[in-house]
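What follows draws every value from the coordinates through simple rules; no lab data is involved. Since the structure is predicted, the reported quantities are computational estimates derived from the model, not experimental observations. Glycine also receives a Cβ, built like all others from the backbone with ideal geometry; neighbour counts cover every protein chain displayed.
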Amino acid sequence: MYSALSGIWNFIEDMIDDYLDIDITLWLLMPLLITFLLPLVIVLLLYITALILYVYRLHRHRLRSAYGTDWRNASRNVVAAVWDAHGWIWHGYEVVGLENIPTNEPVLFIYYHGAIPIDLYYFISKVFLFNSKLIHTVADRFLFKCPGWSIISDVLKVVPGTIQTCSTILKEGNMLAISPGGVYEAQFGDSYYQLMWKKRLGFAKVALDAKVSIIPLFTRNVREAFRTINWGRRWWLKLYAATRFPFVPIYGGFPVKLKTFIGKPIPYDENLTPEQLQIKIAAALDDLIIQHQKIPGSILCALVNRFYDINKTSCNLKNVTFKTGIE
């Protein structure tokens with residue numbers, strides 16, 4: 001029996017050697033492997049974040065004497081610096097419109113959700129570093145079951161996001177970021193950047209109850225940094241509907257140019273219903289997308305954007321004017 005199995009295995013090895021060059025195959029598959037492995041870097045960075053927070057909590061007595069502040073605030077500065085540096089190095093991350101953020105009043109940010117909300121991490125970090133204000137965020141409930149997430153949610157003020165909880169956060173004078181599309185938009189959105197909010201009105205009810213202004217937020221090329229696979233869509237939709245868990249594989253990690261655009265504040269209007277406010281905010285966010293994003297998005301153009309500003313309506317690289325800085 002053993003000799004028979006050994007003979008079969010030798011035959012398979014001979015077939016592989018004769019018809020398949022392992023070295024060439026691995027070389028050809030390497031770009032594909034990399035694009036699927038790079039999203040794991042983001043997961044790794046999240047766990048590094050948890051590690052930093054644990055370090056600060058365990059050594060808070062020493063750090064208090066060093067920084068003179070609460071360990072949570074000290075650790076937030078370090079975490080924000082790490083994410084801000086990562087955004088600058090890997091994506092040339094920028095923010096346009098910081099002057100649109102009110103300085104002394106609560107505000108609700110509504111943003112488009114990429115496959116991975118990497119842009120939100122960068123945005124929160126930059127606002128905290130430059131304005132010393134922490135933006136509270138709403139995350140999907142499945143994240144709170146992940147090991148290590150509890151300390152991240154505690155220090156960085158991430159909440160599951162009930163209407164009452166979100167309204168209380170804003171009434172206390174804080175800033176809050178919500179993506180109405182959530183995980184559904186993250187998993188099933190594409191390079192056409194269509195909002196996938198369905199009939200979700202929770203964010204509108206929160207804004208009306210807390211009587212705060214709303215600021216639309218959009219990051220150019222966020223769908224080109226990370227993407228979800230587009231085959232088997234119906235099967236993935238059924239699986240998501242049954243489990244509410246993001247099973248669709250994500251690939252990417254491309255060092256594309258990311259630039260966040262902050263829209264003009266939309267003031268509180270007591271005469272609007274939640275349905276009317278949802279339509280108004282969706283229109284404002286759509287305007288930002290139309291104004292700043294090439295549709296459909298292109299990974300190649302987004303990569304070139306790191307060095308040259310290509311018109312969003314055209315990506316003919318032959319017609320790109322390369323600026324040298326000399327007039």
5 angstrom amide H check on V107, placed H, neighbours 5+ away: M175, L176
Spacing of the two label points (7 Å from each Cα toward its C-beta) at A283 and K198, in nm: 2.5 nm
Can you list the residues, at least 5 places off or on another chain, whose amide H is less than 5 Å from the amide H of F218, using H built in the peptide plane? F261, G263
Spelling out what I want: for every residue of segment 195-201, take phi, set θ = phi - 60°, compute 6.51 cos²θ - 1.76 cosθ + 1.60 (Karplus), and round to whole Hz; glycine and proline get x. 5, 10, 9, 6, 10, 6, 10
Using the Karplus curve 6.51 cos²θ - 1.76 cosθ + 1.60 with θ = phi - 60°, work out ³J(HN,Hα) for each residue of segment 264-279 in order, rounded to whole Hz, and write x for Gly and Pro. 6, x, 9, x, 5, 9, 5, 7, 8, 8, x, 5, 5, 5, 4, 5
Which of K133/K238; K157/K238; K133/K259; K126/K264 exceed 28 Å between C-alpha atoms? The answer is K133/K238; K157/K238
The extension gain from L239 to L46, computed as 0.36 nm times the residue separation minus the Cα-Cα distance, is 66.9 nm
Could you go through segment 205-218 in sequence order and give the Karplus-derived ³J(HN,Hα) for each residue, using 6.51 cos²θ - 1.76 cosθ + 1.60 with θ = phi - 60°, rounded to whole Hz, and x for Gly and Pro? 5, 5, 5, 6, 5, 7, 6, 10, 7, 10, 10, x, 9, 9
